[in-house]
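Have a look at the structure below before the remarks.
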Amino acid sequence: MKKKLYGIFILLAFALVMAACSSDSSSDQNDETDKGDQSESAGEDGNVEIFSWWTGAGEEEGLLALIELFEEEHPDINVENAAVAGGAGTNAKAVLATRMQGNDPPSTFQVHGGEELNKSWVAADKMEPLNDFYEENNWMDKYPEELIDLVSDDGNIYSVPVNVHRGNPVFYNMEVFEEHDIDIPTTFDEFFEAADKLDDAGVIPLALGDKESWPATQIFENILLGVLGPDDYQKLFDGEIEFNDDRVVEAAEIFGKMLEYINEDHASRNWQDSAQLVANGEAAMLNMGDWAKGYFSNDLDMETNVDFGYFDFPETEGMFQVITDTFGLPKGVKNTDDVKKFLTVLGSVEGQDTFNPLKGGIPARVDADPEKYDDYGKDAMEDFTSARLVPSLAHGSAASEGFLTKANQAVNIFVTQGDIDNFIQALENAAPEM
Ligand code: GAL
């Protein structure tokens, strides 16, 4: 009986939601004149809804500080922090897709520069070009050309980068390295030598938390980068090199071998949980984007180059896996002036220097203040100007969402089954979606 009532309740709730959606969309359609299928219902005056996946430890501090700065400058505008938990946007991207398809865009949303922005939202004609806005703010020479390219399509600029994260550092526990006399590994061979030594001493060599599969994908993309080098890595995602190339197979073999050195409970941990293993010395190393540096410094009170150190993922020295979080202006949002005020703060030197020291990455702007950053940040800023920049697959820049979803699935199956042929086949099958 209880079950039946519960069922009826669910049906009623569903019907109410559907009714709300359909009445929204019918009024949207009535409003529509020259805007195709875009809604005009989004965004109330005096209210800015910021959509992201930055919730909880190691994720939200930067955003909250940025919002605080915005509220100080614009006390008349109310900010709605619409964040959906789940690293790398695992859940947020699905919620966003539903909202965008239902013509209910947030005022602005987190989106990676590169294919995630361009192939998903720009291609679907869901974003307003921001060229004039960039000109008004004198931003054209304040962002590196490479970043402007990542947020542009066909001469139009579609979003404002708030940061640059690096995807190929390995963070390590300095005390553990010292205690076991481990040298920084620069090649895969050296990595495995160090891993064996740590393993023999009862330390987990490499921490992984792939409850969501992207941290494993991130390791694989870094191995690909190390084996292929930056040019051919790029060619792979441009479809000029096939996934059954011998070097991709070699990368899969190295990946399989690395997975022999991870913590057994990897599938039940998220990225913060895996970082904790390194923080408490149970594990020695972690490959993670440098949001982990924000987590170590601001949440776990660890000191850079004292408690934790960092080095380039083996064989990727002089290369920089670029991840950039950006925010744009969806079509159909009503109070564009208020949203632009938020984007102006987010794109300002002060905004970026408020956000990034907490978030762990570096500012996207070229004229930010290096003194606001610790040694890690200063190094990353310098590397960003001198290293070979390559787009990250795991974080939306190198290939479309469709491909990434399938690559994450393929990686996840590989982590559990270890079958190289199946893995390569799955990547090949997904390649047309790149
Ligand atoms: C990335 C994002 C970062 C960080 C990370 C973990 O995709 O660019 O800012 O949030 O996911 O969730």
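The values are calculated or read from the model by the stated rules, or taken from the named source; none is laboratory data. Every value quoted in this text rests on a predicted model; they were computed, and no experiment measured them. Cβ: placed from backbone, ideal geometry, glycine included. Neighbour counts: every protein chain shown. Keep in mind that these areas ignore ligands, DNA and RNA; they rest on the heavy atoms of the full protein, side chains included. Shrake-Rupley method; radii C 1.70, N 1.55, O 1.52, S 1.80 Å.
Looking at region 75-90, I want the residues that are of a type in the set (A, V, I, L, M) and away from the ligand (no atom under 15 Å from the Cβ) and have a partner that is open to solvent by less than 10 Å² (accessible area, probe 1.4 Å) and part of a helix (DSSP H, G or I) with Cβ atoms under 7 Å, at least 6 apart or on another chain. Which pairs are those?
Val79/Phe70
Which of (1) open to solvent by less than 20 Å² (accessible area, probe 1.4 Å); (2) within 17 Å of the chain's Cα centre (by Cα); (3) hydrophobic (A, V, I, L, M, F, W, C) is the odd one out, the single condition Ala368 does not satisfy?
Condition not satisfied by Ala368: (2).
Please state which one of Pro106, Pro129 is open to solvent by less than 10 Å² (accessible area, probe 1.4 Å), more than 16 Å from the ligand (Cβ to nearest atom) and in a loop (DSSP other than H, G, I, E, B).
From the options Pro106, Pro129, the qualifying one is Pro106.
Just to be sure, is Phe296 open to solvent by less than 20 Å² (accessible area, probe 1.4 Å) and assigned to a strand (DSSP E or B)?
no
Determine if region 43-55 includes at least one residue that is within 15 Å of the ligand (Cβ to nearest atom) and surrounded by fewer than 18 Cβ atoms within 10 Å (Cβ to Cβ).
Yes, region 43-55 contains at least one residue that is within 15 Å of the ligand (Cβ to nearest atom) and surrounded by fewer than 18 Cβ atoms within 10 Å (Cβ to Cβ).
Residues that are under 23 Å from Asn78 (Cβ atoms) and among the aromatic types (Phe, Trp, Tyr): which strands (runs of 3 or more DSSP E) entirely in region 317-434 hold 1 or more of them?
Because the criterion is at least 1 residues that are under 23 Å from Asn78 (Cβ atoms) and among the aromatic types (Phe, Trp, Tyr), the strands (runs of 3 or more DSSP E) in region 317-434 that meet it are 325-328.
Please go through (1) part of a helix (DSSP H, G or I); (2) free of Cβ contacts under 8 Å to residues at least 12 places away in the same chain; (3) within 19 Å of Glu428 (Cα to Cα) for Glu240 and return the number of the only condition it doesn't satisfy.
The one condition Glu240 does not meet is (1).
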